[in-house]
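The structure appears below as structure tokens.
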Amino acid sequence: MDSLPPILIVDDDPDDVFILKRLLAKAGIRNKILAFENPLIAREYVDVESSKRNLLYVPWIVFTDYQMPDLDGLEFTKWIRSREPLSNVIVVLTTGCEDPQLESAAASAGVDRFLLKYPPVSVLRKLAGDYAARMYVGGR
């Protein structure tokens with residue numbers, strides 16, 4: 001399990017973090033999960049890990065909430081996309097807001113998936129499969 005890249009959850013609501021962790025477990029995903037309630041601290045973590053030669057602790061998928069203080073999910077995504085070592089990271093924006101304009105803005109920011117809270121287990125399993133396919137083709 002330690003050799004699997006981690007999953008990063010960035011959400012200022014600890015209840016949402018708890019629920020997403022439970023859903024990931026139900027989906028059979030066994031990667032280590034790192035959760036940050038402060039997006040600035042999450043950015044610092046990713047920045048440090050992505051600057052190392054060994055990218056073992058760079059997340060393979062980032063679940064980021066849309067509405068957070070200091071740095072919203074779109075800004076966090078844009079920052080991830082500006083970092084070369086993170087080009088294969090899957091970014092999922094989670095929100096309770098069903099707004100087509102937000103979904104369009106998320107796509108423009110580089111979000112791979114736009115999901116309403118709380119995503120079904122089947123969707124999380126598919127994300128794991130998408131990652132495996134991406135890594136098989138592109139490598140890390």
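Computed from the coordinates by the stated procedures, all read-outs in this text should not be read as laboratory data. Since we're looking at a predicted model, the values are computed, not measured. Note that we place each Cβ from the backbone using ideal geometry, even for glycine, and neighbour counts take in every protein chain shown.
Observations
- Calculated [222 nm] ellipticity per residue, helices only, for the chain: -14000 deg cm²/dmol; basis is -39500 (n - 2.57) per DSSP H run with n ≥ 4, divided by all residues, nearest 500.
- With the simple spin-label model, which puts each label point 7 Å out from Cα in the Cβ direction, the Asp15 to Ser122 separation comes to 2.7 nm.
- Karplus-derived HN-Hα couplings along the range 120-126 (A = 6.51, B = -1.76, C = 1.60, θ = phi - 60°), whole Hz, x at Gly and Pro: x, 4, 4, 5, 5, 4, 5
- Remark: for residue pairs Lys32/Lys126; Lys21/Lys78; Lys26/Lys126; Lys26/Lys52; Lys26/Lys117, the C-alpha separation exceeds 20 Å in Lys21/Lys78; Lys26/Lys52.
- Three principal axis extents of the chain based on alpha-carbon atoms, in descending order, are 37, 31, 27 Å.
- Distance from the range 12-51 to the range 103-125 (C-alpha centre basis), Å: 15
- Taking the average, over residues, of other Cβ atoms within 10 Å as the packing measure, peptides 91-103, 34-46 rank 34-46, 91-103 from highest down.
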